């Protein structure tokens with residue numbers, strides 16, 4: 001709860017800093033704010049606190065996922081330095097929107113009441129709608145914001161309709177009480193089962209849209225491509241981490257009963273297979289790196305869905321730990337990838353693979369960082385991505401989903417092709433007139449890239465630092 005209060009208060013305070021137009025002050029202040037809140041967040045480790053009559057609960061689960069969200073935001077901020085150097089007049093507003101969106105993300109990992117789930121999604125989403133269209137003179141950015149807003153509003157309606165049906169069937173919005181009503185049906189409950197099951201499926205669809213799960217993924221490539229790269233990275237990591245934590249809480253705490261699993265489990269399994277297939281096959285055909293990373297984001301939603309399918313009925317079990325580790329490894333690698341893509345695009349005005357030609361000669365640090373992130377996203381050993389997939393697949397095998405794991409492994413092999421394409425361009429192709437100059441990199445950005453690469457390798461060598469934390 002301290003994190004929510006601090007983010008809200010400091011987000012408002014940051015707007016007043018903006019009136020002074022102190023852009024050069026804003027970036028270090030923002031980093032200090034996030035670093036301080038990240039430290040404060042872990043002070044709640046080992047304790048359980050409830051707020052608003054139990055609608056929000058701060059426990060180890062919420063503290064761990066909040067830590068990933070805040071760490072991701074902290075290492076992402078240095079890549080906004082171009083806005084500082086260009087004298088972006090709306091920079092304070094952008095930063096405040098990011099802080100407010102983090103409030104929504106924390107609510108998503110801490111909710112115990114469907115009303116708080118809805119509020120968290122909306123606080124996070126409204127900020128993202130605005131930031132997607134923040135490049136106002138760019139038609140692609142305008143298109144991305146409009147598509148994201150219209151699709152988001154539509155699927156929010158589906159989510160709300162599902163919540164209304166759940167309330168009609170169970171008489172409550174509290175997760176534990178929904179679970180009790182499902183497992184201990186009252187007289188006449190049989191006639192309400194269709195309402196319960198339809199509500200359950202509509203909620204799966206609504207949250208599936210937020211995490212880019214197929215077949216509700218169709219907005220992702222266009223929105224990621226049009227959204228400014230800095231905010232697309234935020235969307236790809238923080239929104240997905242918070243969304244899957246919320247997804248896990250919903251399934252584990254509200255629908256753990258066997259009769260409920262009979263409805264959502266086949267649907268979730270089908271979504272998982274379809275997401276893996278579309279994400280990986282779609283990424284192969286892309287020529288734009290941002291679109292490739294968008295399809296990559298879809299495919300990684302499929303791997304995280306495996307952990308949801310294979311959950312063992314506990315919020316602090318193998319599936320939860322798998323999602324926690326995978327989210328951290330994925331976020332670290334994805335921020336590094338988007339960071340390099342942004343720096344290259346800013347300097348060379350290109351977002352295709354050819355824009356990376358010869359980067360290993362002109363900018364060895366950028367090439368090394370992008371290589372480590374690509375290898376991690378592909379799941380190559382000695383990177384965090386390898387153990388992320390290992391923990392998720394292990395949880396699935398333990399629960400008998402061997403066929404699903406085999407399919408996921410095949411899709412992982414497919415992903416190696418498109419993750420190697422940037423590496424080949426950087427190390428095996430020569431520069432041309434457009435790519436001969438070195439890409440400018442500030443000290444903040446170089447430090448962030450080195451930290452991200454070190455974290456990726458550290459997670460691949462010592463996974464026990466995070467694995468089993470829940």
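Only the coordinates and a few stated rules stand behind these numbers; no lab work does. This is a predicted model, so every value here is computed, not measured. Don't worry about glycine lacking a Cβ; one is built from the backbone with ideal geometry, like all the others, and counts go over all protein chains shown.
Before moving on, here are some points about what is shown:
- Once both labels are positioned 7 Å from their Cα atoms along Cα-to-Cβ, the gap between residue 397 and residue 146 label points is 5.0 nm.
- Each semi-axis of the equivalent ellipsoid for region 207-354 is √(5λ) with λ an eigenvalue of the Cα gyration tensor; in descending order they amount to 30, 15, 11 Å.
- Inter-site label distance for residue 446 and residue 284 at 7 Å from Cα along Cβ, in nm: 4.0 nm
- Potential lengthening between residue 354 and residue 5 on full extension [0.36 nm per residue; Cα-Cα distance subtracted]: 121.1 nm
- Computed over the chain: relative contact order in percent, which uses C-alpha pairs under 8 Å that are six or more apart: 14 percent
- Normalised radius of gyration (Cα atoms, divided by 2.2 N^0.38 Å) for the chain: 0.94.
- Shown is the FRET efficiency for residue 115 and residue 424, computed with R0 = 51 Å from the Cβ-Cβ distance and rounded to the nearest 0.05: 0.55.
- Orientation-averaged projection of region 100-248 equals 8.3 nm² [convex hull of Cα atoms, one quarter of hull surface area].
- Stretch gain in nm, segment residue 177-residue 25, where the contour uses 0.36 nm per residue and the Cα spacing is subtracted: 49.9 nm
- Label-to-label distance, nm, for residues given as residue 126 and residue 138 (7 Å Cα→Cβ offset): 2.5 nm
- Net lengthening on full extension, residue 406/residue 253 (0.36 nm per residue, minus Cα-Cα): 52.2 nm
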